[in-house]
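The numbers here are math on the coordinates, done by the rules we state, and not lab data. Since the model is a prediction, treat every value here as computed from it, not as a measurement. Methodologically, a virtual Cβ is constructed for each residue, glycine included, from the backbone with ideal geometry; neighbour enumeration extends over all protein chains shown.
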């Protein structure tokens, strides 16, 4: 049974097939025949020489196909699938593909009256949306306590993608055997992302690479921020040409000597920098800020949770599953409104009536705000 001859086009646009390869070899023999360097004249189907050339063409075709694939995967413009992901994972790029993410948020379950006994709303309870016809589910058991008629539960969309994002008060249909139980989402569900297909990811990679030339200030900032343990860096000029100060703000404040050494290693590697450029690796100045915060709450909040929240605003981190904080960068100010809006993510917080600080919440260009002591005055309302 003959092998199917499927042509392909190389990255240079040249068409390749086994038949084309055979014809090229025959043309070569015909030139040799004209030069009286061969006596072979029969290249018809079934002839011995044609059979031999067709057998050779099989191997040449396979080799050229493999070389062409190797060429494609080595360039962002033509790479695909996992090979395109490897370009994004390059230590000097670190721009991963956007994977599909599920929309997340909180729903409120309510009963018609206060409960005489604890009511368990089981993990996996399904909620239907009137906005997008999608389904959502609770990720843990939740309970309405004795003497109460409602509870807040964390939930996710069953499917990944942007379509899972929905406005407030659109998750209102609960699939349950609990008579009288109603549900709604008082705030929007967010965070849903579509899986990024190759063409979209490739376009984003190329835009990222083209706007950030090797040796630029933005490139050197990314070089430092790719070091493990680094939150952000600031590149500053010195009085000497082509010599720069690199201020390193670690994920753990203040920046450790180990992180400084790792950062220095990245900037001392000649493969990472332009010839003639040199760098001083330094810590920024850390400005300690003490806070006093007056909070109105429906019930007293554990002080440790409040401390974790306020520390995450300064240093970054994830609290209560859905609350993710990036932390403060070098020279980044912290506003009272940001403190208030973030603390109000805590369920029992009704109002933040006052925020006072021991010093200004606006650092200089080379300073990083660092939390000292946070004092919380809670008033139950």
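Take every Cα pair under 8 Å whose residues are at least 6 apart in sequence, average their separation, divide by the length of region 143-225, and the relative contact order is 23 percent. Size of region 309-381 from its Cα atoms: along the principal axes, largest to smallest, the extents are 41, 28, 19 Å.
Throw me the Rg/Rh for the chain, computed over C-alpha atoms with Kirkwood Rh, two decimals.
On the way: Rg = 32.0 Å, Rh = 27.0 Å.
On the Cα set of the chain, Rg over Rh gives 1.18.
If the Kirkwood radius is taken over C-alpha pairs of region 239-308, then at 20 °C and 1.002 mPa s the Stokes-Einstein diffusion coefficient equals 136 µm²/s. Our summary gives region 68-172 a relative contact order of 28 percent, counting only alpha carbon pairs under 8 angstrom and 6 or more residues apart. Here the contact order of the chain, divided by its residue count and restricted to Cα pairs under 8 Å and six or more residues apart, works out to 11 percent. With distances taken between every two different alpha-carbon atoms, region 8-74 has a Kirkwood hydrodynamic radius of 13.2 Å.
The distance linking region 255-320 with region 327-381 is 15 Å (Cα centroid to Cα centroid, whole angstrom).
By counting other Cβ atoms within 10 Å of each Cβ, how are 246, 373 ranked from fewest to most? Write out the running numbers ahead of the final one.
Numbers: 246 21, 373 11.
So the residues, fewest neighbours to most, are 373, 246.
Simple spin-label estimate for residue 335 and residue 176 gives 3.8 nm between the two label positions (7 Å along the Cα-to-Cβ direction from each Cα).
The convex hull built on the alpha-carbon positions of region 159-237 has an orientation-averaged projected area of 9.8 nm².
From the alpha carbon centroid of region 15-51 to that of region 137-164 is 73 Å. The slack in the chain from residue 356 to residue 370, taken as 0.36 nm per residue of separation less the alpha-carbon distance, amounts to 3.5 nm.
Which peptide among 104-111, 126-133 comes first, and what is the full order, when sorted by highest mean count of other Cβ atoms within 10 Å?
On the way: 104-111: 19.4, 126-133: 16.8.
Going from most to least packed, we get 104-111, 126-133.
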